[in-house]
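*Asks:* Mind looking over this structure? Questions follow.
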Amino acid sequence: MIASGLEHRGRKSLGSLAALLACLTFAPMSSAQDQVVTLAITRPPVAGTMAPTQSFIVTTPAVVAPAPTAVVILLTGGTGSISLTSAGSNGTLGINSSNFVVRDRWLFAGHGFYTITLDSATDFQLLPNGLKGQQGSTAHITDILQVIAWARATVPGLPVWVVGTSRGTAGAFVAAAYNPPSGGPDGLVFSSPVNDTGDPDSLLSANLAAITVPVLLVGDAGNACPGTLAADDATVKKMLTSSPKVENETLPSGGLIALTDACNPLSDHGFFGLEDKAVRKMALFIETY
């Protein structure tokens, strides 16, 4: 009982430290700026009667440094909604998400990427489960293609990569049907992706053999979330037979003590405490193209 009590107090203390560090992780770097862009969508709505819109955050360095080397479009997991609202009087965005790519979008911008973080389209937000089960739907693919087209028109000449985490696997479905000349992305990155069979959002549900762009899979050895285990990324890699380069990277466990359960973002599933290492691996892969 005494030993158990000491362990409990120690974990509580470490948990408090983790919470403090989490706040520091979420704070934007002073060199980065966020702005919200909203696009009208011309496809029929999947829910409701109003024409849907697609909003996203654009994050760029405040100080003009070397020109951006690539565009990265970040796709969150779960329902796909980050409850994005425009910046208030203090310039802070209204965001209800601690998702890995959402909270670390400044790290991507810090690597010299023009960074786009997607919210789900407004009609998908009316569905009970949002984008869950909809990653390969025609409507969501259309939305991703529209954002890719916007990025290419806004910052012409840069490669456009889709970076998805957890259930944010739409990039695979888009790239399987559309190569870059047809409007698809120039490359794909997936972190802790859904990689089991039987899930409509799983990477294995996409036509992986049809993907012709480079792909990076990044996992955390400590990730215990079923259906996203790092060891199962090897099966996905074997299916990417037409990709010019596929890498499968697994970070050793060793981040912060989880503040959420194993399938939520403040755990090994979301690279909690290893964010900088995870984003660096992604950046190095993207920069090779």
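*Asks:* Pick out, in residue order, every one of the trypsin sites (Lys or Arg not before Pro) in segment 193-256 that is DSSP loop and has at most 16 other C-beta atoms within 10 Å; say none if there are none. Numbers along the way, then the final one.
*Replies:* On the way: sites: Lys237, Lys238, Lys245; in loops: Lys245.
Of the trypsin sites (Lys or Arg not before Pro), the ones in loops of segment 193-256 whose Cβ has at most 16 other Cβ atoms within 10 Å are Lys245.
*Asks:* What residues of segment 172-191 lie in the reach of a label at Arg43, counting those whose backbone N is under 16 Å from a point 7 Å from the Cα along Cα→Cβ?
*Replies:* Counting only backbone N, you get 172-179, 183-185.
Each reported figure results from applying straightforward, stated rules to the coordinates on display, with no laboratory input. This one's a predicted model, so the numbers in the text were calculated from it and none came from an experiment. Quick reminder, even Gly has a Cβ in these numbers, built from the backbone with ideal geometry, and neighbours come from all protein chains shown.
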